[in-house]
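The values are calculated or read from the model by the stated rules, or taken from the named source; none is laboratory data. All figures in this text were calculated on a predicted structure; none of them were measured in a lab. Cβ sites come from the backbone with ideal geometry, for glycine too, and all protein chains shown count toward neighbours.
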């Protein structure tokens, strides 16, 4: 215990250790400041003044030009002074940095670090001693009591005392952590002043790593990343098991490309429903929209005259050029999906109907109409040249991935760089507050549904090209669950207003890769649903825990 006490520093002792560093570097800093006064600082000051003059509407054009010309003349003089003093300032900075390198860690930071370690051990020992005392007092008090209520009250008091002791320990540990962090960052504070906030790459990395360690919270980390860690471990196990069972590696270039290719159309669907989940909503009609889009696209891009009928009529688009048929299929797909999502959005926004109901109604209507119109028939294959037009493979690379990447970039821009995106988060977080601040909740809600419809249309059109047709009303069944699950796993919260595009992307890849891996292993499709269900349950549980913790 004596050894521990000997390394523990008081605040005064810590300041004494830092005093020589402050004196040496402070003297150099004073010289640098005096050299910069008529040079660098004046250049920056004049630049700021010119910017203000340019924006000053009270000045005439001639007055503005006169002021700027005067400032530029003075700035040139300041720049010459800056250039003249540059070498001397560099030498002074090098001198200060050399001193810091030689003395800061050895004379100041390491003693503070050792002191913090000793204080941490002492704080934990005090805590254990306090716990033992409280337990002894508690047992002694309980031995004197016989009344049930008094015993219950004593246990309640004891529990509160334990909690207080734990809070005192956490406060002490946080103070120690703050002290160590302050000592570590003080060197960068001095370098910041010397170099005017210019750090080397390694210095910037070191500060980021230190800040990460300082703010790291194990519980928050596990809540945020626990599911991803578990899934990563599952994939590692699958990568180990697959070569043993199937005599072929799982992580090959072709398998990765196949996963990305399968994930690409689903990315559009997940990006669409993610906006609705941000508004605490959902969409149960995605799968049926995919079926509708696949059917319509196959009919328009069909190889030769359609063999099936729609409402008793046989459609023939062979007289149109293939390029026109491709564009027409896309336009019709997008328009139909947007039409139905707009209906859902209108009822959700206008009548405060829960999206679960409005989209379920859509699901039933779409499936009923498409099945009735086509008698449940599949419309065969599209023109074989169309996939190579829309999603050609270049040197073995499927360009359908580039379509998905473009969608990710566009939706990221909408979410993060537009007024609509900011309003989307605001309405999702608190619609009442958003309405009071002047945001139209109706427009934002309908807009989110329209955006979703456009993405659904694109996704189903691409899926038709990927599968070379085979459109039917039954196609896409269950895809809504995959899209919603990908968003939830990716961190888009059903509590509203929380989510990132990067999370949606990760979620889509996780589910597609998991399905692909289990299929290669020969796992029954029904069991794959079990895996998906467990992952969804865990993801939503973690999301709920984060929400409860915030409250």
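Descriptive notes on the structure:
- Where helices (runs of 4 or more DSSP H) fall wholly inside region 418-506, no range has 1 or more residues that are surrounded by fewer than 18 Cβ atoms within 10 Å (Cβ to Cβ) and in contact with a strand residue (DSSP E or B) (Cβ under 8 Å, 6 or more places away or on another chain).
- So residue 179, is it in the same structural domain as residue 21 (by TED's automatic domain parsing), buried (at least 17 other Cβ atoms within 10 Å of the Cβ) and in a helix (DSSP H, G or I): yes
- Selection within region 9-43 - over 22 Å from residue 101 (Cα atoms) and loosely packed, with under 15 Cβ neighbours inside 10 Å: 10, 11, 12, 34, 37
- Residue within region 257-268 that is free of Cβ contacts under 8 Å to residues at least 40 places away in the same chain and either over 17 Å from the mean Cα position of the chain (by Cα) or assigned by TED's automatic domain parsing to the domain that holds residue 426 (or both) present: no
Rundown of residues vs (1) touching a residue at least 24 places away in the same chain (Cβ under 8 Å); (2) over 17 Å from residue 327 (Cα atoms), yes/no style:
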position: 391; (1), (2): yes, no
position: 399; (1), (2): no, yes
position: 407; (1), (2): yes, yes
position: 420; (1), (2): yes, yes
position: 437; (1), (2): no, yes
position: 449; (1), (2): yes, yes
position: 462; (1), (2): yes, no
position: 466; (1), (2): yes, no
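- For region 32-48, a residue qualifies if it is in contact with a helix residue (DSSP H, G or I) (Cβ under 6 Å, 6 or more places away or on another chain) and either in a helix (DSSP H, G or I) or without any contact (Cβ under 8 Å) to a residue 24 or more places away in the chain (or both), and the qualifying residues are 32, 35, 40, 42, 43, 46.
- Every residue from region 261-291 that is surrounded by 24 or more Cβ atoms within 10 Å (Cβ to Cβ) and not in a helix (DSSP H, G or I): 279, 281, 283, 285
Results for (1) modelled with pLDDT under 95; (2) in contact with a helix residue (DSSP H, G or I) (Cβ under 6 Å, 6 or more places away or on another chain); (3) farther than 24 Å from residue 344 by Cβ, shown as yes or no for each residue.
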{"residue": "398", "(1), (2), (3)": "yes, yes, yes"}
{"residue": "405", "(1), (2), (3)": "no, no, yes"}
{"residue": "431", "(1), (2), (3)": "yes, yes, no"}
{"residue": "435", "(1), (2), (3)": "yes, yes, no"}
{"residue": "440", "(1), (2), (3)": "no, no, no"}
{"residue": "443", "(1), (2), (3)": "no, no, no"}
{"residue": "454", "(1), (2), (3)": "no, yes, no"}
{"residue": "461", "(1), (2), (3)": "no, yes, no"}
{"residue": "482", "(1), (2), (3)": "yes, yes, no"}
